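These notes are about the structure you will find just below.
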Amino acid sequence: MTEKKSKKWVVAAVVFIVLAVLPLMLPLFRVSLIGKYMCFAIVALGLDMIWGYTGIMSLGHGVYFGLGAYAMAMYLKLEASGGGLPDFMTWSGFDALPFWWVPFGNAGFAFAMIVVVPVVVAVVIGLLTFLNRIRGVYFTILSQALAMILSVLLIGCQQYTGGSNGLTDFDTLLGLPLDAPATKLALYYVTLAVLVALFALCSVLVGRRVGKILIAIRDSENRVRFTGYNTALFKVFVYALSAAIAGIAGALYVSQVGIITPSDVAVSPSIEMIIWVAIGGKGTLAGPVLGALLVNGVKTFASEGFPDLWSYGLGLVCVLVILFLPGGLMSIKDVPARLRAWRSRRAGAENIPELEQEGGRA
């Protein structure tokens, strides 16, 4: 195991152990908050696979997060309705459940759709873009537009999706009361287990040949294509994988938070997801997990004390990281070497005039 890989696993192991013991020391309210942060860390994992390892920046990953969340929310809403119509459909004048809502009353179907729907959408989008060699800033803009379209669509279809109010007022999950402390604690550890499992899966993938091809695509896609690989298919695969991971995160999120709205799938949350990866350190897996946890933790405490200023602080931190820690928090150990190199360059620049003067006298 290389030094870089061992560092990644050490950081991840420390983070996971801390997350495992935190419920023993914190009140249930804070535990639920950290459970939400872990959902964001799962999204950051998927984003790191496509941005950090493949070089595809997506500013619309809130779409897949939202699709998974809405699939779970539909099941939770039907379970809370006790076989009847959801309240917002009654207000809209419905007398029967829409046919495409009916299957979501089955837990197995709903859980499958949490992954299937995001993957199908990602494959369609991926094939349309990557086969046509749309990449770089053009793909980034397209993904951002996709998030905007979905949020507007969810608001416009109020009679089917709850509109701007979203889906909420859930009571049970598989018959277990969501408000019960035992259920909340169980959801916390399920989220942690999923985070660990997906981290292990992504680590295995990046360590195998497929991971090396993804890195090669990031560094020089044309060279990989000329060696005979169909780079578009690899990009569709990793894009669909990241969409599935985001969908799972969305389902876990709505189970713990108790609400999903169009604002959660809009452009702003998608940009925040990119910030988590950048601050943590893209291309490291452990960095984005750490970044998502820390950024959202600081965001909560800062918004409690300085509700009008925390967003400016987050922007300042992002700028400072980009300028002075291009490798994110995972590159903090390189700061002393960077400072020494900066001092050496500065000392060399100061000595140049003296050398020129000596050369002139000679």
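The values are calculated or read from the model by the stated rules, or taken from the named source; none is laboratory data. Because the structure is a prediction, the values reported are computed rather than measured. Cβ coordinates were reconstructed from backbone atoms using ideal geometry, including for glycine residues, and neighbour counts include every protein chain displayed. Heavy atoms of the whole protein, side chains included, go into the accessibility calculation; ligands, DNA and RNA do not. Shrake-Rupley method; radii C 1.70, N 1.55, O 1.52, S 1.80 Å.
Using the Cβ atoms and a cut-off under 15 Å, what net charge is assigned to the surroundings of LYS77, where Lys and Arg are +1 and Asp and Glu are -1? Numbers along the way, then the final one.
Numbers: positive: none; negative: GLU79, ASP87, ASP169, ASP171.
Counting the neighbours of LYS77, the net charge comes to -4.
Convex hull volume of the Cα atoms in region 156-204, per residue, in Å³? Write out the running numbers ahead of the final one.
Details: hull volume 6.5 nm³, N = 49.
Convex hull of Cα atoms, per residue: 133 Å³.
Suppose accessible area is computed on protein heavy atoms with a 1.4 Å probe; arrange VAL18, VAL206 from highest to lowest. Before the final figure, lay out each step's value.
Numbers: VAL18 70, VAL206 20 Å².
The residues order as VAL18, VAL206, largest area first.
Rounded, prolate or oblate for region 19-123? Axes are the square roots of the Cα gyration tensor eigenvalues, ordered a ≥ b ≥ c, and the cut-off for rounded is a/c under 1.5. Mind dumping the intermediate values first?
Working: a/c = 2.66, a/b = 1.35, b/c = 1.97.
The shape class here is oblate.
Send over the Kirkwood Rh of the chain, from the inverse of the averaged 1/r over different Cα pairs, rounded to one decimal Å. Numbers along the way, then the final one.
On the way: mean 1/r = 0.0453 Å⁻¹.
Value: 22.1 Å, from the Cα pair sum.
Compute the acute angle (0 to 90°) between the alpha-carbon long axis of helix 231-257 and the principal axis of greatest extent of the alpha-carbon atoms of the chain; round to the nearest 10°.
60 degrees
For region 140-181 and region 212-253, compute the distance between their C-alpha centroids and round to whole Å.
If you average the Cα positions of each part, the centres end up 27 Å apart.
Whole number in Å², please: accessible area per residue of region 205-340, 1.4 Å probe, ligands, DNA and RNA not counted.
Normalised by residue count, the accessible surface of region 205-340 is 46 Å².
Mind scanning LYS77/LYS299; LYS8/LYS282; LYS36/LYS282; LYS235/LYS282 and naming the pairs with a C-alpha gap bigger than 19 Å?
Numbers: LYS77/LYS299 30 Å; LYS8/LYS282 12 Å; LYS36/LYS282 21 Å; LYS235/LYS282 17 Å.
With Cα atoms farther than 19 Å apart: LYS77/LYS299; LYS36/LYS282.
Across 5 Å bins from 0, what is the distribution of all Cα-Cα pair distances for region 216-307, in whole percents?
Using 5 Å bins, I get a P(r) of 3, 11, 12, 20, 21, 13, 8, 5, 4, 2, 1, 0 for region 216-307.
Mind checking the angle between helix 62-81 and the chain's longest principal axis? C-alpha axes, 0 to 90 degrees, to the nearest 10.
20 degrees
Using a ≥ b ≥ c from the Cα gyration tensor of region 289-333 (square roots of the eigenvalues), is it rounded, prolate or oblate, where a/c under 1.5 gives rounded and otherwise the larger of a/b and b/c decides, a/b for prolate? Walk me through the intermediate numbers first.
Numbers: a/c = 3.57, a/b = 1.67, b/c = 2.14.
Oblate, because a/c is 1.5 or more while a/b does not exceed b/c.
If SER303, SER255 are ordered by their accessible area, calculated over protein heavy atoms with a 1.4 Å probe, which sequence runs from highest to lowest?
Working: SER303 40, SER255 10 Å².
From most exposed to least exposed: SER303, SER255.
Please state the relative contact order of region 1-130 as a whole percent: Cα pairs under 8 Å, 6+ residues apart? Please report the intermediate quantities before stating the final value.
Values: 51 pairs, mean separation 26.4, N = 130.
Relative CO of region 1-130 lands at 20 percent.
With all protein chains present, calculate the accessible area of LEU205 using a 1.4 Å probe and round the result to the nearest 10 Å².
30 Å²
Roughly to the nearest percent, how much of the accessible area of the chain is carbon and sulfur, given a 1.4 Å probe? Don't skip to the answer; put the middle values down first.
On the way: 12030 of 17760 Å².
Taking all protein chains in place, the chain shows 68 percent carbon and sulfur surface.
By per-residue mean of other Cβ atoms within 10 Å, what is the highest-first order of 119-126, 314-321? It would help to have the intermediate numbers written out before the result.
Numbers: 119-126: 18.9, 314-321: 14.0.
Ranked by mean Cβ neighbours within 10 Å, highest first: 119-126, 314-321.
Per 10 Å bin from zero, what fraction in whole % of the C-alpha pairs of region 188-346 is there, up to the bin with the longest pair?
Pair shares across the bins are 9, 28, 34, 21, 7, 1.
Based solely on its DSSP helices, what 222 nm [θ] is calculated for the chain when runs of n ≥ 4 H residues each add -39,500 (n - 2.57) and the sum is averaged over all residues, nearest 500 deg cm²/dmol? Each step should come with its number before you reach the end.
On the way: 14 runs with 260 residues, N = 362.
About -24500 deg cm²/dmol.
Ranked from the most accessible area to the least, with a 1.4 Å probe and all protein chains present, what is the order of LEU45, LEU187?
Details: LEU45 0, LEU187 20 Å².
These residues rank, largest area first, as LEU187, LEU45.
Looking at region 165-226, which trypsin sites (Lys or Arg not before Pro) are DSSP coil and have at most 15 other C-beta atoms within 10 Å of their C-beta? Before the final figure, lay out the partial values.
Numbers: sites: LYS184, ARG208, ARG209, LYS212, ARG218, ARG223, ARG225; in loops: ARG208.
Counting only loop positions with at most 15 other Cβ atoms within 10 Å, the trypsin sites (Lys or Arg not before Pro) in region 165-226 are ARG208.
With the radius of gyration and the Kirkwood radius both derived from the Cα set of region 47-198, what is their ratio Rg to Rh?
Details: Rg = 17.7 Å, Rh = 17.4 Å.
With Rh from the inverse mean 1/r over Cα pairs, Rg/Rh is 1.02.
Quick one: check the C-alpha center-to-center distance for region 121-135 versus region 67-118, whole angstrom.
29 Å
May I ask you to derive the relative contact order of the chain, considering only C-alpha pairs under 8 Å and at least 6 residues apart, and to give it as an integer percent? Could the numbers behind the result be given before it?
Values: 502 pairs, mean separation 116.7, N = 362.
Here the relative contact order equals 32 percent.
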